[in-house]
Amino acid sequence: MIYFSFLVSIVATIGSLYFSEVKGYVPCSLCWYQRIFMYPIPLLIFISILINDKNIKYYLRFFSLIGIIISSYHNFIQFTQQKSSFCGITSSCLTIYDKWAGFITIPLMSLIAFIIIFALSFFINEKVLLQNSKES
């Protein structure tokens, strides 16, 4: 499960960089807050695998739960088109750049990634981490 969490967080991180750097989408304030809580996750997982940190599940729960709260709020204001005091002047949190299947937006993908990481953190088995360190 730790490896799948790592994969999800890497895809989310690379995806957000793709949207901003390649497609030129300007991230809003809430997008930046979501990035703040997503970007450390792959690094934390990688280091925890290397040093066999059994507390990784708690770090993942902390970062992903805050990410869930922020992205849930972002989805709420985006779907209801309600203005928010968190939205900056440079870019609007209400802007929907792309919609896949008619309803999947970038903040929704962020929410799904955070939920997956949060849920998987409950299935991280300390024995698996110990076994991986013994094999090395």
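Bear in mind that the values in this text are calculations on the coordinates, not laboratory data. As the structure is a computational prediction, the values presented were derived from the model and not from experiment. Note that each Cβ is placed from the backbone with ideal geometry, even for glycine, and that neighbours are counted across all protein chains shown.
For a footprinting-style exposure proxy, rank Met38, Met109 by other Cβ within 10 Å, fewest first.
Details: Met38 24, Met109 18.
Lowest to highest Cβ neighbour count: Met109, Met38.
Residues of the range 21-54 with backbone nitrogen within less than 17 Å of a virtual label 7 Å along the Cα-to-Cβ line of Lys83, please, listed as ranges.
Once the point is set 7 Å along Cα→Cβ of Lys83, 29-30 turn out to lie under 17 Å by backbone N, inside the range 21-54.
Return one number: the angle in degrees, 0 to 90 and rounded to the nearest 10, between the long axis of the Cα atoms of helix 40-51 and the longest principal axis of the Cα atoms of the chain.
Long axis of 40-51 versus the principal axis of the chain: about 10 degrees.
Can you give the extra length, in nm with one decimal, that the chain gains between Ile36 and Met1 once fully stretched, where that is 0.36 nm per residue apart less the Cα-Cα distance? Write down the numbers at each step before the final one.
On the way: separation 35, 0.36 × 35 = 12.60 nm, distance 2.26 nm.
Additional length available on full extension: 10.3 nm.
As I understand it, the value is the acute angle between the Cα axis of helix 2-17 and the longest principal axis of the Cα atoms of the chain; what does it come to in degrees, rounded to 10?
Once rounded, the angle reads 30 degrees.
What is the Cα centroid distance between the range 31-47 and the range 64-116, reported in whole angstrom?
With the range 31-47 and the range 64-116 each reduced to a Cα centre, they are spaced 17 Å.
Just to be sure I follow: if Rg is taken over the C-alpha atoms of the range 2-135 and Rh is the Kirkwood radius over the same atoms, what is Rg/Rh? Present the calculation step by step, with values, prior to reporting the outcome.
On the way: Rg = 16.0 Å, Rh = 15.6 Å.
Here Rg/Rh amounts to 1.03.
List the trypsin sites (Lys or Arg not before Pro) within the range 7-62 that fall in a DSSP loop (any state other than H, G, I, E or B) and whose Cβ has at most 11 other Cβ atoms within 10 Å.
Details: sites: Lys23, Arg35, Lys54, Lys57, Arg61; in loops: Lys23, Lys54.
Here the sparse-neighbourhood loop sites are Lys23.
Going by how many other beta carbons lie within 10 Å of each one, how would you line up Leu50, Leu108, fewest first?
Numbers: Leu50 11, Leu108 19.
So the residues, fewest neighbours to most, are Leu50, Leu108.
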